[in-house]
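The values are calculated or read from the model by the stated rules, or taken from the named source; none is laboratory data. Since the structure is predicted, the reported quantities are computational estimates derived from the model, not experimental observations. Note that each Cβ is placed from the backbone with ideal geometry, even for glycine, and that neighbours are counted across all protein chains shown.
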Amino acid sequence: MRLFRIWLVLAAAATAVPAQTNTTGKTDAYGISGAGAGVPGPTNSTDFIDLYFFRGDDTNASPLARPNGSWSVRRVSLQDCIQLALQHNLDLQIDRYNPEISLYNLRANYGDYDPTWTISGQHDHNESGTQVLGGNFTIAGSVSDDNSFASTVSGSLPWGTTYNFGTLPSPIKDTYGPGLNNAFGSVGLTMSQPLLKNFWINTTRLNIRVAKNRLKYTEQALRLQIMQTVTTLEQAYYDLIYNRENVIVQQKAVELAERLVAENKKRLEVGALAPLDLQSAEAQAASSRAAVIQAKNQLGTQDRLVKQLLTDRYLEWANVVLDPSGTLAAPPPVLNLQDSWSQGLAMRPELLQAKMDVEKQGIQLKYDHNQIFPELDAFGTFGYNGAGPQFSDALDNIRSMTSKFYTYGGRISIPLSDTRTRNTYKADKVTMQQLVLTLKKLEETVMVQIDNDIGSVRAGYDQVQATRTARQYQESALDAEQKKLESGKSTTYNVLLVQRDLTTARGNEIQALDTYNKSLSQLSLDEGSTLRRLGINYEVK
């Protein structure tokens with residue numbers, strides 16, 4: 001049985017993180033309050049986790065209890081998410097059956113070589129009256145009975161030979177009646193071998209080779225689906241971190257705004273501030289609180305998107321809040337355009353599938369070319385006859401192998417025009433040229449995609465550095481503006497502007513980090529190195 005195995009190689013430093021459960025009714029970092037039972041955290045990571053992509057009916061596995069109106073927090077790493085997705089993602093569960101289907105289709109084509117056993121028996125009874133011929137010559141009536149038996153085994157061989165072994169060329173027959181006792185028959189072997197048409201390749205061999213090609217094609221399609229699913233999950237995980245950090249940024253903006261409101265109230269009480277300035281600060285605080293609500297809503301949407309990628313039982317995860325343990329970092333990229341091109345052209349599943357399409361067309365072209373030739377077949381028959389007064393006597397005579405017979409010869413069939421076959425061959429030659437150009441175009445597309453990805457990674461890294469500098473500058477600017485306000489050299493309006501700029505700068509920084517990490521993930525996908533980079537070993541056995 002063919003197994004589609006995926007090994008998830010987890011980092012050696014990965015450890016289990018206990019679940020964090022809110023049971024006090026307080027608001028956590030996600031802005032959700034309530035009480036609920038604890039949810040188990042991720043299990044201890046091992047060096048290798050075997051995931052057999054063959055059957056999806058894992059009915060006993062249940063990562064979480066059925067939700068009962070409570071909510072809980074589950075802290076997950078990217079590796080935890082990848083492991084869950086490989087086991088439970090519905091797209092993967094659907095696509096992993098395609099190689100299995102192709103394997104069964106391949107085996108079905110080998111059924112053309114299965115021999116066929118045919119056995120039959122028959123009884124005939126015949127009565128005839130007296131016949132009067134010319135000159136009053138009469139032929140007395142007769143009564144006869146015939147028993148006949150036939151058994152043959154027929155089939156074909158992988159090199160095109162057809163065979164038929166058994167009671168050939170006629171069944172064993174026993175005739176009896178008044179004055180009649182006669183049995184005869186023969187056992188032989190007939191074979192026919194094509195020498196031109198259907199010699200290099202025939203319909204059965206064509207179907208088998210194409211089925212083998214399509215099996216490899218579906219295996220690459222599954223590999224592509226795994227890569228795309230994992231990449232989508234990885235990028236969604238980064239977006240989840242971004243949305244979580246964005247909530248924190250907006251909450252810090254609320255803190256700054258409310259602190260300014262509190263300070264302005266004190267200044268208003270001593271007559272050092274106009275009422276309008278206090279109202280401006282309160283308006284800014286209200287706007288910041290609205291931004292927090294919007295950020296939490298976006299975080300919830302992203303949380304549900306990640307869970308959809310992780311599980312095939314969303315009901316069990318509906319009341320679970322994901323808390324990503326990862327952070328958005330920006331390590332300097334190590335980029336080499338030529339190496340990335342080499343990887344992409346060698347490892348992209350789409351390119352490998354396109355090459356398989358060319359290979360499949362080559363198989364079809366070879367078949368069509370062979371069909372142009374005339375049918376030239378060599379054939380032969382060899383066996384032994386048997387006869388006697390009784391059925392058993394005829395069988396004994398055959399077993400003695402004293403009366404042999406044989407036939408050999410050849411036959412040729414030459415089409416006078418063969419318009420259909422020749423034009424089919426020409427059409428397939430043109431199709432081959434088209435597929436080669438399609439492959440060339442796909443290679444060019446892959447190279448452009450990788451070139452664009454590398455440009456995006458470089459720009460993303462520069463963007464991270466620029467936004468980080470801008471954020472640091474805005475933090476210093478806010479500190480200076482607040483000191484100026486305290487000394488009476490600035491206004492509340494100016495402080496509000498700097499606060500808004502700082503919030504924007506913080507949001508821009510985490511957005512740049514998110515974009516940079518997703519650009520690295522996309523480059524890995526377009527290079528075809530996603531599985532290797534994440535330690536996932538895809539094997540088909």
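Listed values, structure above:
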{"read-out": "Residue that is surrounded by the fewest Cβ atoms within 10 Å (Cβ to Cβ), among those in segment 160-174 that are within 19 Å of LYS404 (Cβ to Cβ) and of a type in the set (Gly, Ala, Ser)", "value": "SER170"}
{"read-out": "Filter result (of a type in the set (Lys, Arg) and either closer than 23 Å to ASP514 by Cβ or outside the structural domain of SER487 (by TED's automatic domain parsing) (or both)) within segment 231-275", "value": "ARG244, LYS252"}
{"read-out": "In segment 323-375, the residues that are surrounded by fewer than 17 Cβ atoms within 10 Å (Cβ to Cβ), of a type in the set (Gly, Ala, Ser) and under 23 Å from LEU224 (Cα atoms)", "value": "SER342, ALA346"}
{"read-out": "In segment 295-318, the residues that are outside any helix (DSSP H, G or I) and in contact with a Ser or Thr (Cβ under 6 Å, 6 or more places away or on another chain)", "value": "none"}
{"read-out": "Among (1) closer than 30 Å to ARG304 by Cα; (2) modelled with pLDDT under 95, the one test that LYS197 misses", "value": "(1)"}
{"read-out": "Residue check for TYR217: under 30 Å from ASN508 (Cβ atoms), surrounded by 19 or more Cβ atoms within 10 Å (Cβ to Cβ) and either modelled with pLDDT of 95 or more or charged (D, E, K, R) (or both)", "value": "no"}
{"read-out": "Selection status of LYS489, at pLDDT below 95, assigned to a helix (DSSP H, G or I), of a type in the set (Lys, Arg) and under 30 Å from LYS265 (Cβ atoms)", "value": "no"}
{"read-out": "Some residue of segment 352-365 being assigned to a helix (DSSP H, G or I), at negative phi and without any contact (Cβ under 8 Å) to a residue 24 or more places away in the chain", "value": "no"}
{"read-out": "Residues that are among the hydrophobic types (A, V, I, L, M, F, W, C) and touching an Asp or Glu at 6+ places or on another chain (Cβ under 9 Å), drawn from segment 467-495", "value": "ALA470, ALA477, LEU478, LEU485, VAL495"}
{"read-out": "Checking ILE94 against (1) within 30 Å of LYS307 (Cα to Cα); (2) in a helix (DSSP H, G or I); (3) in contact (Cβ under 8 Å) with a residue 60 or more places away in the chain, the condition it does not meet", "value": "(3)"}
{"read-out": "Residue match in segment 445-456 (condition: loosely packed, with under 13 Cβ neighbours inside 10 Å and polar (S, T, N, Q))", "value": "no"}
{"read-out": "Test: ARG411 is in contact (Cβ under 8 Å) with a residue 12 or more places away in the chain and loosely packed, with under 14 Cβ neighbours inside 10 Å", "value": "yes"}
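Okay, residues lined up against (1) assigned to a loop (DSSP other than H, G, I, E, B); (2) touching a Phe, Trp or Tyr at 6+ places or on another chain (Cβ under 7 Å); (3) modelled with pLDDT under 85:
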position	(1), (2), (3)
GLN122	no, no, no
VAL132	no, no, yes
ASP146	no, no, no
PHE149	no, no, no
VAL153	no, yes, no
GLY160	yes, yes, no
SER170	yes, no, yes
LYS173	no, yes, no
PHE184	no, no, no
